[in-house]
Each structure stands twice: as structure tokens, then as C-alpha cells.
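A.B. asks: Got a structure for you, questions after.
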Amino acid sequence: MDAFIAGMPKCELHLHIEGTLEPELKMRLAERNHVRMPYRTVEEARDAYKFDSLTSFLVGYYESMNVLLTEPDFYDLATAYLTKAASQNVRYAEIFFDPQAHTSRGVPFDLVIRGLRRAVLDAERLLGIRAQLIMCFLRDFSAEYAMATLMESLPYREWIVGVGLDSDERDNPPVKFAKVFARAREEGYLITAHCDIDQPNTHEHIRQCLDVIGVDRIDHGSNALEDEELTAEIARRGLGFTVCPVSNGFVTSDMKAAEIRRMLDLGLKVTINSDDPAYFLAYVSENLQAVQEKLGLGRDELVQFERNAFEIAWLPRATKDAFLTELDEYAASA
Ligand code: ADE
Ligand code: ZN
């Protein structure tokens, strides 16, 4: 099964580029940028990645970003991820980035997006992997700052396929950003939002994503299954879920495999993704392996995850169809 997973053409739709900062690269960038780190070795840096909840994870996630300062830093970060993803036969990735995690430290938006964009173009040319960027708003900052970030993104509109919502969900409901997402929609951005696992008021937040924000996709979102009406509405709209099992197992005590099983059984468009692989120690193949082992999945079910992912990807129909054909050919021949 591991070999089948390794060879399968894959699509990753929930991946924070800042969450791919491996300790090795972090130490290299710290040295290059003369940033003082509280540890001297890669091992010490790795040991410092410790957490047991979304909130405690986010502390280390933001702290680590202090080494990201220049356009080449963002280029190197994204190139490292795309190289790793291509080695796992990820054929297409939609990559989240958190501009406010950088602009709030005085790092210009322009430099962040230019580095990421250059990496995406080079990876397509040199590695044959395709990718697009999704800009996330940090929900623990104000709606005004999110709106200012949206405005700042407009000169780069063609480089960004959509917008998302991430960071600490507690006390930061989707409705806080209603105007920001309405304006993003007017600008032609597609919309997704994190509905993190087991958060307070999760059902109300998912409902707001549907009725107030009008999301095109849901990131995580497995708590929707606890509410029949929510589940039915998501199914009716054909919305996909970007589920991240290994991440779930870190920020809660459960990878939510039973929920993934249920989504498959209900015919919901569930996909498997890595979220922050440098922190959760699992890229997309390892996430698929974890679910496969836990649920004893067969090849058809593994292929179904990728079929769902290419189907809900923010790509033109003809491009999706080309990837889906590649997937079908693999399933038929492997
Ligand atoms: N930022 C990076 N990873 C995240 C996650 N899983 N949830 C919310 N915000 C995030
Ligand atoms: Zn996430």
C-alpha cells in the first residue's frame, strides 16, 4: 500500500507554506540573516517544536517565522516544499500563505509574494509540479487589518487564486470577516476557511461559513458531521473538506479517522492533506499512509481521496480532467 500511495498522482489542498519550515532550513536562514536563535543545533531546534493544542502549536509556528526576512527566504521556503511534494508525486498543490504573519513584523507584502511566486514558476518549469497561492487572513487580528491586507493584495490579484481564514479560531468567528470576504468575492477570489477541530462554537462557525461567508470549500471541518443539517447542506452544495489527519492527532488526541470513514461513506468530497508538515512530521504521503493503516483502506478509497481533491481544486475544468485522467490511468495500471 505504501508503494501504491507513493506512486499515486496526488493533489494537496491544505498546506501552510510557513508550516513547511523544517528546522534545517530555519537554522540556515537564521545564520544567513543574523537572527539569534535560542538553540544552537538542528536537533535543539527540532526539540523546540512541542505542542498539544492549536493554540500552543501556533506560538511556535509564529516564533519560527522570525527567520523569514527576504525575498530569497520565501523563495527557498517554497522551493523546499515544492521539491519535497514533487518527490511524493504531488502533481498540483494549493499553498496557503499568511502575509500578516510577516507584514506585522515589518516584512513587506511585496517581498513575500514575489519570493513565493518565483518559486511556483520555477517549480513548474524545473520539477513539473503545478501550484497556486491562497492568501489567508489571520483571524486573531482585526477585520480592518484583514481588509487592508486584501487591498494590498490587489496589485498581485493574478498571482493569488483565493483567500482563506486561519490562526486561532477561539472567539474569532467567521462573521467577524463578513465584509472582507464579500469584498474578496467581488474581486474574483475564491474563498475557503478553517473550521478547526473541536473548537468552541464549531457548528455555529461552520454555519456562518455557509450562510454568511459563502465558502467554496471547508478546511478541516469534520465537526460538521455532528449536525445533520450542516452535513446535508454541505453535501447539497458539493463542498469539499480538506482534512489533515496527522495534524488532527497533534492538536487533539485523535486523527479523526472515524470521521474520514464517515465522509467517504456519505460520498462527501473528503481530501487528505498535510497542513504544517514540518511541525506534524508528515507530508501528504505519510498522511495518506496514516489513514490507510488506521482504517484498513483499499486502493479504490485512496484513489477516491485524490479524485475528490482534483475535482474540488481551483483549476479550469480541462486541467482537472487532465489530472483525473492521469489518476485513472495509474489506478488501472498499478
Ligand atoms: N495556521 C497554520 N496551521 C493552522 C491550522 N491547522 N489551523 C489554524 N491556523 C493554522
Ligand atoms: Zn491549516
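The values are calculated or read from the model by the stated rules, or taken from the named source; none is laboratory data. Please read these numbers as outputs of a predicted model, since none were measured by experiment. Heads up, the Cβs are rebuilt from the backbone with ideal geometry, glycines too, and the neighbour counts pull from every protein chain shown. We work out accessible area using only protein heavy atoms, side chains counted, and drop any ligands, DNA or RNA first. Shrake-Rupley method; radii C 1.70, N 1.55, O 1.52, S 1.80 Å.
A.B. asks: By a straight-distance test (C-alpha under 17 Å), which aspartates and glutamates pair with LYS179 as possible cross-link partners, with residues fewer than eight away in the same chain excluded?
C.D. replies: ASP140, GLU144, GLU152, ASP166, GLU187, ASP211, ASP216
A.B. asks: Lys and Arg at +1, Asp and Glu at -1: add these up for the other residues within a Cβ distance under 10 Å of VAL246 and post the number.
C.D. replies: -3
A.B. asks: Let me ask another. If the viscosity is 0.692 mPa s and the temperature 37 °C, what Stokes-Einstein diffusion coefficient in µm²/s follows for the chain when Rh is the Kirkwood radius over Cα pairs?
C.D. replies: The diffusion coefficient I find is 165 µm²/s.
A.B. asks: Moving on. Find the accessible area per residue for region 198-334; the probe is 1.4 Å, ligands and nucleic acids are left out, and the unit is Å².
C.D. replies: Accessible surface, normalised per residue, equals 39 Å².
A.B. asks: Setting aside same-chain residues fewer than 8 positions from LYS50, which lysines have a Cα under 27 Å from its Cα?
C.D. replies: List returned: LYS26, LYS84, LYS256, LYS294.
A.B. asks: Continuing with the same structure: Per the helix-only calculation at 222 nm, which mean residue ellipticity applies to the chain, given -39500 (n - 2.57) for every DSSP H run of n ≥ 4 and division by its residues, nearest 500 deg cm²/dmol?
C.D. replies: -15500 deg cm²/dmol
A.B. asks: Kindly report, to the nearest 10 Å², the accessible surface of LEU54 as traced by a 1.4 Å probe over protein heavy atoms only.
C.D. replies: In the full protein context, LEU54 sits at about 20 Å².
A.B. asks: Within the chain, what whole-number % of the accessible surface is contributed by carbon and sulfur, with the 1.4 Å probe and all protein chains included in the calculation?
C.D. replies: 50 percent
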